[in-house]
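Visitor: Have a look at the structure that comes next, please.
Nothing in this text is a laboratory measurement; each read-out follows from the coordinates by a stated rule. Everything quoted here is computed from the prediction, not taken from an experiment. Methodologically, a virtual Cβ is constructed for each residue, glycine included, from the backbone with ideal geometry; neighbour enumeration extends over all protein chains shown.
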Amino acid sequence: MGFDIHIIDHTNMNLLDAVAPDVFDAPIKPQLLSAFCDQPSHFMAVAEKDHLVVGQIRAILHFNPDEPPTLYIDNLGVAPTQKRKGIATSLFAASLQWAQKHGVQSFWVATELDNKEANGFYRSQSLSGNKMIYYEGTFSAD
């Protein structure tokens, strides 16, 4: 395989001290990482190769009052130099395994319609695509 998968918690957050470019959208902020790890419904796994994080996945359990919890795959990133080596597939599998241990029966992920790479990956995982519209907002810095 050439890489190791680690589930991130407070005991091994230091693995994120060495991250390959383009694995995350922005630099890791220790206080935000610690807050993420404080949440038992949050999941992060990384792929490490030669003491460097070359992939990551983040997911969140959504608890509902009327149905079993669902898993939302929030973010998946692999260093461009490490793509097509099974890293994304291994990270995705790790998140689903974690979710099943928490009673999850379904999961979902969203990506842009024009993100050919992501859409191809999720199709390769036997997921079916559904069109949707995505809305977002920001808070003013008052």
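Visitor: So what J values fall out for the stretch 87-96 if you push phi through Karplus, 6.51 cos²θ - 1.76 cosθ + 1.60 with θ = phi - 60°, rounded to Hz, Gly and Pro as x?
Guide: 5, 4, 4, 5, 5, 4, 4, 4, 5, 5
Visitor: Another question about this same structure. Using modelled backbone amide H atoms (1.01 Å from N, in-plane), which distant-in-sequence or interchain residues come within less than 5 Å of residue 79's amide H?
Guide: Residues meeting the criterion, in which the H sits 1.01 Å from N, are 55.
Visitor: May I ask you to compute the full-extension gain from residue 52 to residue 93, defined as 0.36 nm times their residue separation minus their alpha-carbon distance, rounded to one decimal in nm?
Guide: Contour length minus Cα-Cα distance gives 12.7 nm.
Visitor: Dipole of the stretch 70-142, Cα-centred, from +1 at each Lys and Arg C-beta and -1 at each Asp and Glu C-beta, to the nearest 20 debye?
Guide: That gives the stretch 70-142 a dipole magnitude of about 500 debye.
Visitor: Within the stretch 47-62, which residues have the backbone N less than 17 Å from the label spot 7 Å out from residue 117 along Cα→beta-carbon, could you tell me?
Guide: Under 17 Å, as judged by backbone N against the label point of residue 117, lie 47, 53-58 of the stretch 47-62.
Visitor: While we're here: What is the sum of charges around residue 30, taking Lys and Arg as +1, Asp and Glu as -1, for the other residues whose C-beta is under 15 Å from the C-beta of residue 30?
Guide: Computed value for this residue: -2.
Visitor: What does the extension gain come out to for residue 142 and residue 105, with contour length at 0.36 nm per residue minus their alpha carbon separation?
Guide: 9.2 nm
Visitor: Starting with the highest mean, order 51-57, 121-127 by the number of other Cβ atoms within 10 Å, averaged over the residues of each peptide.
Guide: 51-57, 121-127
Visitor: Please give the calculated 222 nm ellipticity per residue for the chain, where each DSSP H segment of at least 4 residues contributes -39500 (n - 2.57) and the sum is spread over every residue; nearest 500 deg cm²/dmol?
Guide: Computed mean residue ellipticity for the chain: -7000 deg cm²/dmol.
Visitor: Right, something else. Apply the Karplus curve 6.51 cos²θ - 1.76 cosθ + 1.60, θ = phi - 60°, to the phi angles in the stretch 15-23 and return the couplings in whole Hz, x for Gly and Pro.
Guide: Here the 3J(HN,Hα) series is 4, 7, 6, 10, 10, 5, x, 6, 7 Hz.
Visitor: When only DSSP loop residues count, what trypsin sites (Lys or Arg not before Pro) in the stretch 27-89 have their Cβ near at most 15 other Cβ atoms within 10 Å?
Guide: 83, 84
Visitor: Quick check: the distance between the Cα centres of the stretch 51-115 and the stretch 33-49, to the nearest angstrom?
Guide: About 12 Å separates the Cα centre of the stretch 51-115 from the one of the stretch 33-49.
Visitor: Take every DSSP beta bridge whose two residues both sit in the stretch 4-124, then give the antiparallel share in percent to the nearest 5.
Guide: 80
Visitor: On to the next question. Can you list the residues, at least 5 places off or on another chain, whose amide H is less than 5 Å from the amide H of residue 74, using H built in the peptide plane?
Guide: Here the answer is 58, 59, 60, since their amide H atoms fall under 5 Å of that of residue 74.
Visitor: Right, something else. Could you give me the ³J(HN,Hα) list for the stretch 44-56, computed from phi with Karplus coefficients 6.51, -1.76, 1.60 and θ = phi - 60°, whole Hz, x at Gly and Pro?
Guide: Result, ordered by residue: 9, 10, 10, 9, 10, 9, 6, 6, 9, 6, 10, x, 8 Hz.
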